[in-house]
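This report concerns only the one structure given below.
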Amino acid sequence: MPSGGSVRIEDLAFNSILVAANRSLALIAKDLHSPLPGALQQHFQRTEAALEELLWDEPSGQYYSRDAFTKELIKVPTVATLLPLWSGTPSPARAERLTELMQQPNGFWPTYPVPSVPIDAPEFRAAGYWKGPTWVNMNWMIYEGLRNYHRTDRAQELRDRTLDLVARAGFSEYFSPLTGQGYGADDFSWTAALVIDLLQDESLRPTRMPE
């Protein structure tokens, strides 16, 4: 990217997804009895360490994206702060703070959680694209993250509310977290695919974390 005028962001969501993908690759390699090259393992470890060391803000108890030029955290609250639960990198103490944050009814836990921007934030727009709507793909990642940390009660509630939302509004691209109204494309494929996954028997989908 050109250095002048470009917005360069070290994105929290992308890095959380990358760490989760790396861990999945490590699990596949383990199942195949095919150890990953040492250099690749080190790269995975550096990515995990950077997520925890560079994108965490202790005073607020949240993760944020970072400006790649200034190295300053972009302290706008979004659903991305919960995605490290899926990556499995937070300590139990950090995971507990994130779970408590998620459960705030005037923030990330309205009638149809989890909004992409908490409803008490000035940036919140119930129908604004990624400005507040609930997305099934985000809920699925958070659901898996809660299961990583054995918060099965909260994971089950999120699963049930997500399935109820889709049962009411259909397979929309995204939804109002306040009314459940669907927006965007109809019969959206990733909404449908992840609903199918959420409907699977829990006993068939054990959570696995790399050792």
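No lab work stands behind these numbers, since they all come straight from the coordinates. The structure displayed is predicted, hence computed values, not measured ones. Backbone-built Cβ (ideal geometry, glycine too); neighbour counts: all protein chains shown.
In this structure, the amide hydrogen of Gln104, modeled 1.01 Å from its nitrogen in the peptide plane, lies closer than 5 angstrom to those of Trp109, counting only residues at least 5 positions away or on a different chain.
Charged neighbours of Asp153, selected by a Cβ distance under 12 Å, balance to +2 (K, R count +1; D, E count -1).
Counted as membrane-span-like here are DSSP H helices of the chain whose alpha-carbon atoms extend 20 Å or more along the helix's own axis and whose Kyte-Doolittle mean is 0.0 or above; these are 12-31. Classify the stretch 63-136: rounded, prolate or oblate, from the alpha-carbon gyration tensor (a ≥ b ≥ c, eigenvalue square roots; a/c under 1.5 rounded; otherwise prolate if a/b is larger than b/c)? Oblate, since a/c reaches 1.5 and b/c is not below a/b.
Per the Debye calculation on the chain with a single equal scatterer at every Cα and no solvent contribution, log₁₀ I(q)/I(0) for q = 0.16 Å⁻¹ amounts to -1.13. For the chain, the relative contact order works out to 16 percent when only alpha carbon pairs closer than 8 Å and six or more residues apart are counted. The GluC sites (Glu not before Pro) of the stretch 95-145 that DSSP puts in a loop, and whose beta carbon has at most 14 other beta carbons within 10 Å, are Glu123. Per DSSP helix of 4 or more residues, -39500 (n - 2.57); summed, then divided by the residues of the chain. What does that give at 222 nm, rounded to the nearest 500? When only DSSP H runs of four or more count, the value is -14000 deg cm²/dmol.
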